[in-house]
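This report refers to the structure that appears directly beneath it.
The values are calculated or read from the model by the stated rules, or taken from the named source; none is laboratory data. Everything numeric in this text was worked out from a predicted model, so none of it was measured. Cβ placement follows ideal geometry from the backbone for every residue including glycine, while neighbour counts extend to all protein chains displayed.
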Amino acid sequence: MADNTAIEEIANREYEHGFVTEIEEDRIPPGLTEDTVRLISSKKNEPEWLLDWRLKALRRFLEMLEADREPTWAQVTYPKIDYQSIVYYAAPKQTKTVESLDEIDPELLRTYEKLGIPLVEQQRLSGVAVDAVFDSVSVATTFKEELEKQGIVFCSFSDAVKEHPELVRRYLGSVVPYSDNFFACLNSAVFSDGSFAYIPKGVRCPMELSTYFRINSAGTGQFERTLLVADEGASVSYLEGCTAPMRDENQLHAAVVELVALDDAAIKYSTVQNWYPGDKNGKGGIYNFVTKRGACRGRRSKISWTQVETGSAITWKYPSCILQGDDSVGEFYSVAVTNNRQQADTGTKMLHIGRNTKSTIISKGISAGRGQQSYRGLVRIGPKAHGARNYSQCDSLLLGDQCGAHTFPYLEVKNASATVEHEATTSKIGEDQLFYCRQRGISEEDAVSMIVNGFCKEVLRELPMEFAVEAQNLLGISLEGSVG
Amino acid sequence: MLEIQNLHARAGENEILKGIDLSVGAGEVHALMGPNGSGKSTLANVLAGQPSVEVTEGSVLYCGRDLLAMAPEERAREGVFLAFQYPVEIPGVTNSYFLKASVNALRKHRGEEELDAIDFLELVRDRMKAVEMDEKFLSRAINEGFSGGEKKRNEILQMALLEPRLAVLDETDSGLDIDALRIVADGVNHLRRRDRGMLVITHYQRLLEYIVPDRVHVLTEGRIAASGGKELALELEQRGYGWLEKEPEGAAAG
């Protein structure tokens, strides 16, 4: 039978970003009470309105927790999370406000350098502005001044609260209300930092904006919040990357991302998610329970989500679009990989409200090892969405025979003039495909990588160049070898 | 160059090859004929190292080395080429990407410098002319949406690119119209060389009008039932395979 040794070797390859940064940290005791929220808020010198908002969220969350309302409908299983044992705030110790990168702990700079995200001026990635979030806080944002010249605001969420309170107040929670769902509610109460961007009227952001999230501290959760607003006629491409050390315990990451696109605005949001997935027996790894939603508020606005999800022990994530403005467009391109014991329940919601709204869903799921994966998607065409159109395509690729792929497409059409198409396929990576490649001198690992990248091509080509290469490599690393 | 001795092989529960002896020398073209289910493709797959076929007995020497001990990709890199009967489709992977990866895997193995995109394009364009393939096939996914004839021509193109020492063609002629057959045969004849051995598996004598073999072997029920010169193919055309199946013990081994 098939020679699996090469494969196993690769499957057992270590997670590349699993190192821990030794750094002195400011860390609050575990537990979740009103005091916790007040403490986080005071550490950030937040205004009263934001604290109130957090407290409302907390009360709501505690009610839900009490009533045991943690969602169970997703096709994932994990032991009950003890929300009182999590540390909700951990940050590198810093005695004063940092004015320039020179004042940042060199250990932190080294960490990002190691991750391939150099922050110091001489080595910065050209054409990409980076906000670096380390555990609970943003440690640096590059190209801030250059962007300001065009009126673009790109900074940590905390800075935005201080410097642009009117914008934050206007849009925070306007797409994902604090009461939206269990995890979003938790996030609203305890979120510590994240990125904020505002692109003013008519401005096309001249470079990619990006946030690199790093969980470092043990026993903590990461709860960041990202808010992007593209004003009329503005456009922006935003990238997000994530990694975490290898630890035996599971860590919770419950983020919220809100996007707002006004008339003729366009937002492209790309994610390469590579949180620590746990070891091959399913020990450790990140629980990635994330709410991402974009509102196409304006006419002819467009929001496009592209995600490559290779990490996390469990992924629970549905980047969605509310297509409110007439002629607005929503897109969702996704590649999700589950290997070993990873589980993913991911998909999207396209809510068509305005006339002639259009959405496209391309989902590519790859399962290997004992990975379990579900695509869950909702397409809702409202009664006023005349001429709305949706096209959905969900393809699953299985490597081996111990993994699983499931598809749950939900469809609600309340307007007869709408056009909705759905296609779904499931295939196994063929022994015959592998053999064909090997007969042409291509190694088994290269063959798997080639076949998988071919399978994902429609999604990968949506990624900005810098990320496409990284994504292809990641797919190779996280997958090859799982043919059984 | 190729010496097969007492080869037994099974696919699943069934023993398909029941003791094959066959030698192909450098510069020779051997034709392997036989009815459906006689084991022709199984033999081709054993030579290429298809993992689902299990060799239970016997040996295969290739240029003095134990072929059966080599992984499929190693065989390919050492010059063993199989033109598949049913070339697979690989969606999303362009033909040019695949061909370049393949050519460079072999070059690397030989310690030669890998070809860059420009050099590769030059090489592949030249070879494509020989098999009368349009360049548009380079940017299409491997075999996806190719007609039967296009797939077979693509196999011959790969053979021309990889310049194997031992080429095994598994029913490359089946399903081809006369024009495609001529193109495929031209491609093969073009590659005939003193240091290259070929095993051409076919169901019909027709192909052998274009590719004149040095030896013809007939496989029935997992054994070589007869071997001879090119006239054996003509005899088979007239008499069919029936007379061989009834008296296999009277046949000479190759």
Enumeration of residues in segment A:426-444 that are surrounded by fewer than 17 Cβ atoms within 10 Å (Cβ to Cβ) and within 10 Å of chain B (Cβ to nearest Cβ): A:Ser427, A:Gly430, A:Glu431, A:Asp432
Strands (runs of 3 or more DSSP E) contained in segment A:224-272 and holding at least 3 residues modelled with pLDDT of 85 or more: A:225-230, A:235-243, A:256-261
Single residue of B:Pro87, B:Pro91 found to be farther than 24 Å from B:Leu17 by Cα, facing chain A (nearest Cβ under 8 Å) and not small (Gly, Ala, Ser): B:Pro91
Pair list, Cβ < 9 Å and 6+ apart or interchain, from segment B:191-212 residues that are surrounded by fewer than 18 Cβ atoms within 10 Å (Cβ to Cβ) to residues that are of a type in the set (A, V, I, L, M, F, W, C) and in a loop (DSSP other than H, G, I, E, B): B:Arg192/B:Ile211; B:Arg193/B:Ala26; B:Arg194/B:Ala26; B:Asp195/B:Met1; B:Asp195/B:Ala26
Of the criteria (1) surrounded by fewer than 23 Cβ atoms within 10 Å (Cβ to Cβ); (2) more than 27 Å from A:Leu108 (Cβ to Cβ), which one A:Ile199 fails: (1)
Residues being touching a residue at least 40 places away in the same chain (Cβ under 8 Å), surrounded by 14 or more Cβ atoms within 10 Å (Cβ to Cβ) and either within 14 Å of chain B (Cβ to nearest Cβ) or assigned to a loop (DSSP other than H, G, I, E, B) (or both) - total across segment A:396-414: 5
Qualifying residues in segment A:146-181 (those that are over 30 Å from A:Arg69 (Cα atoms) and in contact with a helix residue (DSSP H, G or I) (Cβ under 6 Å, 6 or more places away or on another chain)) - the one surrounded by the most Cβ atoms within 10 Å (Cβ to Cβ): A:Phe154
Breaking point among (1) surrounded by fewer than 17 Cβ atoms within 10 Å (Cβ to Cβ); (2) within 30 Å of A:Phe455 (Cβ to Cβ), for B:Ser59: (2)
In segment A:172-220, residue nearest to the chain's Cα centre (by Cα) [restricted to those that are modelled with pLDDT under 95, part of a loop (DSSP other than H, G, I, E, B) and aliphatic (A, V, I, L, M)]: A:Ile215
Matching entry among B:Ala71, B:Ala105, B:Ala76 (being modelled with pLDDT of 95 or more, within 17 Å of the chain's Cα centre (by Cα) and hydrophobic (A, V, I, L, M, F, W, C)): B:Ala76
Some residue of segment B:33-48 being facing chain A (nearest Cβ under 10 Å), out of contact with any strand residue (DSSP E or B) (no Cβ under 6 Å at 6 or more places or on another chain) and at pLDDT 95 or above: no
Residue check, A:Glu224 touching a strand residue (DSSP E or B) at 6+ places or on another chain (Cβ under 9 Å) and either surrounded by 24 or more Cβ atoms within 10 Å (Cβ to Cβ) or not aromatic (Phe, Trp, Tyr) (or both): yes
Condition check for B:Val212: farther than 25 Å from B:Ala76 by Cα and either within 19 Å of the chain's Cα centre (by Cα) or not basic (Lys, Arg) (or both): yes
Residue satisfying all of: in segment A:427-484; among the charged types (D, E, K, R) and part of a loop (DSSP other than H, G, I, E, B); modelled with the highest pLDDT among these: A:Arg440
Where A:Met246 falls short, out of the listed (1) under 25 Å from A:Arg461 (Cα atoms); (2) touching a residue at least 40 places away in the same chain (Cβ under 8 Å): (1)
Only one of A:Ala234, A:Ala184 that is free of Cβ contacts under 8 Å to residues at least 40 places away in the same chain and buried (at least 24 other Cβ atoms within 10 Å of the Cβ): A:Ala234
Residue within segment A:373-384 that is charged (D, E, K, R), within 21 Å of A:Gly311 (Cβ to Cβ), surrounded by fewer than 24 Cβ atoms within 10 Å (Cβ to Cβ) and within 23 Å of the chain's Cα centre (by Cα) present: yes
Residue within segment B:146-155 that is outside any strand (DSSP E or B), surrounded by fewer than 16 Cβ atoms within 10 Å (Cβ to Cβ) and in contact with a Phe, Trp or Tyr (Cβ under 9 Å, 6 or more places away or on another chain) present: no
Count - residues of segment A:347-375 that are part of a strand (DSSP E or B), at pLDDT below 95 and charged (D, E, K, R): 1
